[in-house]
Amino acid sequence: MTDMELEFSRVFDTGTVGREARTVELKASAAECAALARRLDLEAVDALSASLHVARVGRGPLFRVTGVLVADVIQRCVVSLDPVAAHIEEPVDFRYAPAEEPKTGRDLTVDFDDQDPPEPMDGDLIELGEPVAQFFSLALDPYPQRPDLDKEGWPHDDSERDGATATVNPGRENPFEVLAALKGKQE
């Protein structure tokens, strides 16, 4: 493991895994949810849980962790900065293997079509919480938007839109409409 403080840490002993996969249920506490919200710059993480299966792969010390994470979050709308609630259900799949000794030499080969290399184990221990937090961060909508906004970021209610246009740009043409008209003339 690392020396840094993890917001959502769950260490699992792989010595308890035999031929059958072990099911592990993870649930973030309120404090862990708040810490993840700060880390990921979210308004709130209301809930985060994961149902995981830890299985030994073959006879060696390779382990595969699969399952699903479920979260309820509140993000900021990229247009209005209003809170936007989201529900996330995301599959997770990662592997662990014993840490290898660092190789000396300069033979670095990167194949981007290959699967990610396994995470290193610390003896028989593996960290389950941090990979779940990483999958969670990747599952977040990078551009959350209020559902009542149209493609241009205006509310579907025209009365709000007309009022906003009148106060923001009184007597000025919409530059996008001018460009669309010019594009039509060139074709």
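Observations on the model:
- The simple spin-label model puts a point 7 Å past each Cα toward its Cβ; for V57 and T23 those points are separated by 2.3 nm.
- Among 16-22, 140-146, 46-52, 180-186, the order from most to least packed when residues are scored by Cβ within 10 Å on average: 46-52, 140-146, 16-22, 180-186
- On full extension, the segment bounded by E100 and K183 gains 24.0 nm, given 0.36 nm per residue less the C-alpha separation.
Values quoted throughout were computed directly from the atomic coordinates according to the rules given, and no laboratory measurement underlies them. Please read all numbers here as calculations on a predicted model, not as lab measurements. Positions of Cβ are generated from backbone atoms using ideal geometry, with glycine treated the same way; all protein chains shown enter the neighbour counts.
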